[in-house]
Each structure stands twice: as C-alpha cells, then as structure tokens.
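**Student:** What follows is a single structure, and I will ask about it in a moment.
The values are calculated or read from the model by the stated rules, or taken from the named source; none is laboratory data. This one's a predicted model, so the numbers in the text were calculated from it and none came from an experiment. Neighbour counts are summed over all protein chains in view; Cβ atoms, including those assigned to glycine, are modelled from backbone coordinates with ideal geometry. Side chains included, ligands, DNA and RNA excluded: accessible areas come from the protein's heavy atoms. Shrake-Rupley method; radii C 1.70, N 1.55, O 1.52, S 1.80 Å.
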Amino acid sequence: MSSWGCRVCSACGYDLDSDYYSRNQWSKGVGYSRCRTCVQEGIQSDEDGFSTARTNKATTRCTIDKSCVFAYGSFRHVYSGTYTGGDRTGQMCVAKYFHDEFEHLEDEYFERDMNAVQKTLKIVTQWNQNDFISKIIRVNVPQVWQDSRSGSKFLLEPYIEDYQKFNSNSGWVTNGRTFWGRVMQALSHYSYHASSGQFLLCDLQGGVNHVGAIISDPVIMSHNKRFGVTDLGRQGIINFFHHHRCNKYCQPEWTRPKYTCAYFERRQGTTMIRADYDDYDDDDDDDDDDDDDD
C-alpha cells in the first residue's frame, strides 16, 4: 500500500501515516477518518477515547478451530477461532478450555478468573485516568461460554496480536530497558500503592499497538489468596517487591512493603498453588537469567 501522508485519527487522536487507514476511511477526509484499530474496536469519532475494557461486544456466535491447540498451559489449552455473529463478526477470538482432568474445577476457577479481571479493570482504569504515560492500557474481558457439543465451559475473548509477556507473579521481568517493560513494572507497583497495599496486579501479558497495550490473563495477589491458584498471597507480594526495581514511571511517593524476601523461584511462567496441588509453572520454557528492571 502506498503512503498518502499523515492524518490525525478522529477517534483516538493520534497523528498516523496513511498505512494505518483503509482506503475507505482515508477517503472520508480530515476530521472523519478513523484508523484501522479504531474501526476494528468500534471506537467512534464522538467517543472520548478507548474504554479500558476490551470485550466480545454483542457477539453471540463463533467458530472454534479445534484441529490444533493454539497455546498450552498447565491447567488450560487455547484454541483460535473466528466470531461469526455480532459486532466482531469476522474478527479472531481465542477459546480457553481446561484440561480434562481439571474440568471439575471449572466453576471455581472461572469465578475467580472473572473476579481478578474485574479488579484489574478497576486498577487499570485508575492508571489510565492518571495519565502516567501517553498511551492507554486496555484489559481483555472474557466471557464464560458453553460448548454446544461437549457441554464444556470455556472462556472466550478477542484475539491479541504479537502476544508477549512482561512480568510474572514470581518476580520474573522481561527486558526492563524497553518502554513497555518499564511501564508494566510500574503498573504492578502502582496497583499495590493504589490499593493501600492490599493487592498486587502482575503476570502482565498481551500485545501492543500504536494506541497502547492490551493485557489478558492478569493475576491479582491478595493477603488472603482470594483470587485462586495464581494468587500467591502475602508472600507472593513480598516476593515480587524483592525483585522489583523502580524505574522512571514509578512515582517516588508510591508505597512498598516494609520488608521483602525471596519466597518463590523466579519463573517466566505463571506460578500456581492450590491446597491439593503443589507448585505449578504454566510455562516449561523458564528463563531465570533475565535482568531485573533498572
């Protein structure tokens, strides 16, 4: 596609090269054109930017490709799919199923997953409102669907391109010298401060685009482990800060635990603990040699 110049998107307000627009949107002229991302997400020109929540919208139908597992973890496997009805028709989605041996835990885990997402939405909305950075962070909000054939329940949410992981719930950090590596560490620190030390948002992963970042499958850690198997409790929070190094996006007034200690081995994968299951890692490709954020 040849470049026709630059133009400010009427929805997100970013000055973008013409490659970010479809021919149809570009033809609408200055003040009316919306970039591809805004069109896909249904953001209109008269809306005040992006909502923190990125949902399935009013979509009620989808086709899941079960011929091959898209991603695999200790408790769940993920299939890719396509929305076939509603506002997201034609867009990609992902369906997250529990492995057969954990299907009896569906209701408990799904409920705690959704509670963690709702708490994440509150924290990230506050982050966005504070304008710590010029980009917006959004949260994928899944829905619990039921397979019409097998009867199994699964989580359905919009697909995220260029998926990557920024930090884990055990203190692992991706390259802290990148913009998003630093921002996600700061967001985790902020969550502790904003909740008066009651919660920590971590295990941040997702994708980025010109508007900002989209995160999925977040972990909330709490003092009483109320958010399920990935909530490592008070020890998890103390462990996280043992490895955390503040960066330019952390504010000096943000609170930290009075003392820290390394309770868990740092892993890129998600550490899981349950009363009747010992320590789990959701990623076999651990990497403990990455530098902390500096």
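**Student:** Looking for something closer than 25 Å to MET184 by Cα, out of contact with any helix residue (DSSP H, G or I) (no Cβ under 6 Å at 6 or more places or on another chain), in contact (Cβ under 8 Å) with a residue 12 or more places away in the chain and crowded, with 19+ Cβ neighbours inside 10 Å - is there at least one such residue anywhere in region 147-155?
**Tutor:** Checked region 147-155: at least one residue is closer than 25 Å to MET184 by Cα, out of contact with any helix residue (DSSP H, G or I) (no Cβ under 6 Å at 6 or more places or on another chain), in contact (Cβ under 8 Å) with a residue 12 or more places away in the chain and crowded, with 19+ Cβ neighbours inside 10 Å.
**Student:** Looking at (1) open to solvent by less than 10 Å² (accessible area, probe 1.4 Å); (2) on the phi > 0 side of the Ramachandran plot; (3) not aliphatic (A, V, I, L, M), which is the only condition HIS189 fails?
**Tutor:** Exception for HIS189: condition (2).
**Student:** Scan GLN118, GLN126 and give me the residue that is surrounded by fewer than 18 Cβ atoms within 10 Å (Cβ to Cβ), in contact with a helix residue (DSSP H, G or I) (Cβ under 9 Å, 6 or more places away or on another chain) and not in a loop (DSSP other than H, G, I, E, B).
**Tutor:** None of the others qualify; the one that does is GLN126.
**Student:** Next question, about the same structure. Going by the structure shown, is ALA95 more than 24 Å from VAL211 (Cα to Cα) and surrounded by fewer than 16 Cβ atoms within 10 Å (Cβ to Cβ)?
**Tutor:** no
**Student:** Further, regarding this structure: Please determine whether any residue of region 169-186 is under 20 Å from ILE220 (Cβ atoms), in contact with a Pro (Cβ under 6 Å, 6 or more places away or on another chain) and either at pLDDT below 95 or of a type in the set (Val, Ile, Thr) (or both).
**Tutor:** Within region 169-186, none of the residues are under 20 Å from ILE220 (Cβ atoms), in contact with a Pro (Cβ under 6 Å, 6 or more places away or on another chain) and either at pLDDT below 95 or of a type in the set (Val, Ile, Thr) (or both).
**Student:** Go through ASP293, ASP289, ASP281 for me and flag whichever is open to solvent by 70 Å² or more (accessible area, probe 1.4 Å) and modelled with pLDDT under 80.
**Tutor:** ASP289
**Student:** Need at least 3 residues that are at pLDDT below 85 per element, so show me which strands (runs of 3 or more DSSP E) inside region 58-99 make the cut, counting only ones lying wholly within it.
**Tutor:** none
**Student:** While we're looking at this one, here's another question. Taking the condition of being assigned to a helix (DSSP H, G or I), at pLDDT 80 or above and open to solvent by 30 Å² or more (accessible area, probe 1.4 Å), how many residues in region 38-57 meet it?
**Tutor:** Qualifying residue count for the region: 1.
**Student:** Residue by residue through region 219-237, note down the ones that are open to solvent by 10 Å² or more (accessible area, probe 1.4 Å) and either at pLDDT 95 or above or over 19 Å from the mean Cα position of the chain (by Cα) (or both).
**Tutor:** Those that are open to solvent by 10 Å² or more (accessible area, probe 1.4 Å) and either at pLDDT 95 or above or over 19 Å from the mean Cα position of the chain (by Cα) (or both): HIS223, ASN224, LYS225, ARG226, ARG234, GLN235.
**Student:** Quick one: which of ILE64, ILE136 is farther than 19 Å from VAL219 by Cβ, of a type in the set (A, V, I, L, M, F, W, C) and under 15 Å from the mean Cα position of the chain (by Cα)?
**Tutor:** After ruling out the rest, the residue left standing is ILE136.
**Student:** Quick check: is even one residue across region 191-212 part of a helix (DSSP H, G or I) and either of a type in the set (Ser, Thr, Tyr) or touching a strand residue (DSSP E or B) at 6+ places or on another chain (Cβ under 7 Å) (or both)?
**Tutor:** yes
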